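Structure, as structure tokens:
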Protein chains: 2
Amino acid sequence: MLMQDVRNSLDIADLNQLKCDLNHLQPVDVGEYISELPEQQRAIAFRLLNKGQAIDVFEYLPTDVQEELINSLHDAQVVHLVEEMSPDERAELFDELPAGVIKRLLKELSPEQRQATATILGYPEGTAGRVMTTEYVRLREGLTVGEALSKIRRQDEDKETIYYAYVTDDNRTLVSVVSLRQLLFTFPEVLIRDIASDRVIKVKTEASQEEVAQIMKRYDLIAIPVVDREDRLVGIITIDDVVDILEEEATEDIQKLAGVSGDEGALSSPLATIINRLPWLLGIMGLYIGAASAIAPFQSVIAAVPVLAVIMPIFSNTGGTVGIQALTVTIRGLGVGEVTPKDTLKILRKELLAGAGTALALGITMILLSLIWARPQERWVALVAGMVMVTNTIVAVTLGTLLPMGLKRLKLDPALVSGPLLTTMLDSIGFLTFLTLISLALKVFHLKP
Amino acid sequence: MLMQDVRNSLDIADLNQLKCDLNHLQPVDVGEYISELPEQQRAIAFRLLNKGQAIDVFEYLPTDVQEELINSLHDAQVVHLVEEMSPDERAELFDELPAGVIKRLLKELSPEQRQATATILGYPEGTAGRVMTTEYVRLREGLTVGEALSKIRRQDEDKETIYYAYVTDDNRTLVSVVSLRQLLFTFPEVLIRDIASDRVIKVKTEASQEEVAQIMKRYDLIAIPVVDREDRLVGIITIDDVVDILEEEATEDIQKLAGVSGDEGALSSPLATIINRLPWLLGIMGLYIGAASAIAPFQSVIAAVPVLAVIMPIFSNTGGTVGIQALTVTIRGLGVGEVTPKDTLKILRKELLAGAGTALALGITMILLSLIWARPQERWVALVAGMVMVTNTIVAVTLGTLLPMGLKRLKLDPALVSGPLLTTMLDSIGFLTFLTLISLALKVFHLKP
């Protein structure tokens, strides 16, 4: 609703009203509004922001819009904006900028901020070191609560979180943590070392961002300290970044299951869409050549018993669905850390028990369906169909469970077995079993369709 | 690793060492350890915890273990535990307990906690009112910063978050918010009303928990106030709950796409597994009867041109994969709030552009494959197969985009179109088109296979 008001004031070209609105709205909303403007209007709207708001809004803009603004604003303003960004956001922006622009900007930054950016950019993408910020509150063990509080008060207001302070020794080694809450509830003359907790949950710079997210979720933390190999404090990761990481990871899991690689947005370009999806499709089709080649030699059997062509897609569809159900539950369980490879047997037992019930229900349904469609002389096919449906279901839950678990045990991404890959495997197995059994039956019992 | 140590000390039955470990580990780890113990040992281990740790650990136990402990601990201890739980956790527990036990416990609670629990339980499941906690810091507008800080210091240490304080007028109406950070950075004599921000982001008690989670994620909040219809402050929701809600929602999206309803865990019981999955399976199979019935009348065509039985599963598999890719990206985009129904045309255009490229690639592949498998006199089938592959791909991306968008526009759950449902629809359409065209070709051109 608020954004509607802003849009109206742009329509009537009342810049004063727009300026007032843009400076009173939440930075994230203003950021969204500016990114949705036509390119030539973005810099105009951005210049309407006062200093503090401009800094806040800038961090919420997509990287391409940030880059555009960097090219169209005055140099002094750009340097100010970039200087005031939090170091993790700045590193993310620098990742995308052309080398020339980065060089120019780095030269203008304060030594402290330049150092912070270089540190973060030194860690590989997707690690704790890369997503951390270097703005945090650090205290020495020997301080009193009162001294600590006045130190926190003197800190730059921009520190990402002041709700935890990290206590280090003379070598910058992380020794304990104290919350602002604890500081407030304690008498000023008490020593920090007497109230700080040495049960510090921390991560190494090289930890993967997913690992960090899972740890923070598990322990309900709003910030976690990041240490280097010598256990020296180098940064913190805050909960807002973790929320984004968890969503990204979930999106990746979902998309990989559907055979979409990369982190495709619903509004990605058609070309990016094709690039993310076509390799999967062609790969799957390639595999399917295997499945189809398995059927090809049986063409004469199908010509003799054409009801098979009606029954086979049902195997394919139902087996695929059963397999994908097991696969999805397993991959998601691994993704949220609910299960680990050591639970493989436990999950397999459960899947097989549930699968047996399902197999029975589906087998009986299959027999009934086949009886309906088959010509009188083909009724015996129903029995084979029912049997294969049962084994197919059992194979489907087994593969759906064991494949992702096996990949995880090999330290590979369990979502490498996408749904389409699994259904293709199941089709090959199912078709081959079914058609082989049918031709055997035709031969052995001299059945004539 | 820590847990490994604990397990060892249980093995050697050294209760003193175990007691020491259990009281020094993180509550969530101890909670996990106790839940994994055999039933008869849980109460023993729990009694080793000292008071504060027991309270913290209790909140992390699964509801069934909490219930078990309530039945095996002394009444006084139970009342103390339940009294000290945060009101939202307590409400969650009471949801599961038998009415008799709740009645007994409620009688023993302090009037204040009884009231808090009753308030939360009064809101429907899945709403902001149900997941909020009633423990928060409330300030009057007229206070000074110094008074506010000493009020916060006097508060119960257990308030879920003291990092934001909410400012209300005499009617308890929420008027503004002030962060602990602001309070610390301001001189004590300044009035709260002069520094508090009236741009308060808040939610109504009846807002859905997903909506709350999306808002907190968007604005990077660590807590959000919940107000009733008269705009009176009734509670807050904290970020740790939101992290759980976002994960639950993602899991639900993933599982629904795969045709699993409910919130199935990887370690759910076999019966729960069957209950969550079988209805989908049978429903899908039921629909498939439609698809198969569409093929049944064409049995004579298949008997005449058996290569069709080799080609048809490829349509089914590839069309299904293309459709599920589009469906998944759209549903996830809606789920994370990246797109809304007003973007339908934008997404459809992108999917169709990408789909056209994909369709061409797949169509050509299909022609080549059909040429390989067909007997010489059947080569014309390849052309029809290529054409149908193209239309099939286009139909797949169109349905994969429009169906979830349409459901969302009707305010229904877009994930109601699960992957298996979509593939079933695509199969019916694809098979029918293909077989109809083939029989037409056979008739019109008097082609003899």
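The values are calculated or read from the model by the stated rules, or taken from the named source; none is laboratory data. All figures in this text were calculated on a predicted structure; none of them were measured in a lab. When we count neighbours, we look across all protein chains shown, and the Cβ atoms used for this are built from the backbone with ideal geometry, even at glycine. Heads up: the accessible areas ignore ligands, DNA and RNA and are worked out on the full protein's heavy atoms, side chains in. Shrake-Rupley method; radii C 1.70, N 1.55, O 1.52, S 1.80 Å.
A few remarks follow.
- Evaluated with a Cβ-only charge set (Lys, Arg +1; Asp, Glu -1), the stretch B:136-258 carries a dipole of roughly 580 debye about its Cα centre, given to the nearest 20.
- Taking each DSSP H run with n ≥ 4 as -39500 (n - 2.57) and averaging over every residue of chain A yields -21000 deg cm²/dmol at 222 nm.
- When A:Met387 is represented by a point 7 angstrom out along its Cα-to-C-beta vector, the spacings to that point in the other copies are 4.2 nm, nearest first.
- Dipole magnitude of the stretch B:1-122 about its Cα centre (Cβ charges: Lys, Arg +1; Asp, Glu -1), debye to nearest 20: 460 debye
- Global form of the stretch B:18-78, assessed from the alpha-carbon gyration tensor, a/c cut-off 1.5: rounded
- Ranking A:Leu121, B:Trp380, A:Leu410 by Cα position along the charge dipole of the protein assembly as shown, where only Lys, Arg, Asp and Glu carry charges on their C-beta atoms, puts B:Trp380 farthest toward the positive end.
- Residue-normalised convex hull volume from the C-alpha trace of the stretch A:64-130: 81 Å³ per residue.
- Sorting A:Leu246, A:Leu432 on solvent-accessible area from highest to lowest, probe radius 1.4 Å, gives A:Leu432, A:Leu246.
- Shown for the stretch A:256-289: residues covered by the partner protein chains by 40 Å² or more of accessible area relative to the chain by itself (probe radius 1.4 Å), namely A:Ala258, A:Ala266, A:Leu267, A:Pro270, A:Ile274, A:Arg277, A:Leu278, A:Leu281, A:Met285, A:Tyr288, A:Ile289.
- Per residue of B:217-228, other chain Cβ atoms within 10 Å of the residue Cβ number 3 on average.
- Taking Cα atoms only, the orientation of helix B:99-108 departs from the longest principal axis of chain B by about 30 degrees.
- A:Lys408 - accessible surface, heavy atoms, 1.4 Å probe, Å² rounded to 10: 80 Å²
- Calculated on C-alpha atoms, the gyration radius of the protein assembly as shown divided by its Kirkwood radius gives an Rg/Rh of 1.02.
- Neighbouring partner chain Cβ atoms per residue of B:204-214, average, 10 Å criterion: 0
- Scanning residues 5 or more positions from B:Ser176 or on other chains, those with amide H under 5 Å from its amide H are B:Val167, with H placed 1.01 Å from N in the peptide plane.
- Size of electric dipole in the stretch B:270-445: Cβ of Lys, Arg +1 and of Asp, Glu -1, about Cα centre, debye, nearest 20: 280 debye
- Where N is the number of residues in the stretch B:143-233, Cα Rg divided by 2.2 N^0.38 Å: 1.12
- Against the main long axis of the alpha-carbon atoms of chain B, helix B:344-373 sits at an angle near 40°.
- Computed FRET value (nearest 0.05) for A:Ile372 with B:Leu345, which takes r as the C-beta separation and R₀ as 41 Å: 0.45
- Candidate residues B:Val131, B:Val305: accessible-area rank, largest first, probe 1.4 Å: B:Val131, B:Val305
- Phi-based couplings in Hz for the stretch B:134-140 (Karplus 6.51, -1.76, 1.60; Gly and Pro marked x): 9, 9, 8, 9, 10, 10, 8
- Mean projected area of the convex hull spanned by the Cα atoms of chain B, taken over all viewing directions: 30.1 nm².
- Within the accessible area of chain B (1.4 Å probe), percent carbon and sulfur: 58 percent
- What the phi angles of the stretch A:237-253 give under the Karplus curve with 6.51, -1.76 and 1.60, with θ = phi - 60°, is a coupling list of 10, 9, 4, 5, 5, 5, 4, 5, 4, 4, 5, 4, 5, 5, 4, 4, 4 Hz, glycine and proline written as x.
- The residues of chain B expose on average 42 square angstrom of accessible surface per residue, using a 1.4 Å probe on protein heavy atoms.
- Per-peptide average of other Cβ atoms within 10 Å, ordering A:33-42, B:76-85 highest first: B:76-85, A:33-42
- The fraction of all Cα pairs in the stretch A:368-449 landing in successive 10 Å bins from 0 to the largest distance is 16, 36, 25, 15, 7, 0, given as whole percents.
- Helix A:87-96 vs. chain A, principal-axis angle (Cα, 0 to 90°, nearest 10): 60 degrees
- For the stretch A:270-445, the equivalent ellipsoid built from the Cα gyration tensor has semi-axes of 32, 21, 12 Å, listed from largest to smallest.
- Shielding of peptide B:15-28 by partners, expressed as the average count of other chain Cβ atoms within 10 Å per residue Cβ, is 1.
- In this assembly, the B-A interface accounts for approximately 10000 Å² of buried accessible surface in total, computed with a 1.4 Å probe and without ligands, DNA or RNA.
- Amide H to amide H distances under 5 Å link B:Thr144 with B:Ile192, where only residues 5 or more positions off or on other chains count and H is placed in the peptide plane.
- Whole-Hz ³J(HN,Hα) from phi, Karplus 6.51 cos²θ - 1.76 cosθ + 1.60, for the stretch B:217-225, glycine and proline x: 5, 4, 9, 6, 8, 9, 7, 9, x
- Length-normalised contact order of the stretch A:1-122 in % [C-alpha pairs under 8 Å, at least 6 apart]: 20 percent
- For the stretch B:214-342, the Rg and Dmax computed from alpha carbons only, in angstrom: 22.4, 76
- Listed residue (B:Ser208, B:Val227, B:Thr251) projecting farthest to the positive dipole end of the stretch B:189-265, Cβ model: B:Val227
- Ranking by accessible area, most exposed first, for B:Arg154, A:Arg140, B:Arg104 with a 1.4 Å probe: B:Arg154, A:Arg140, B:Arg104
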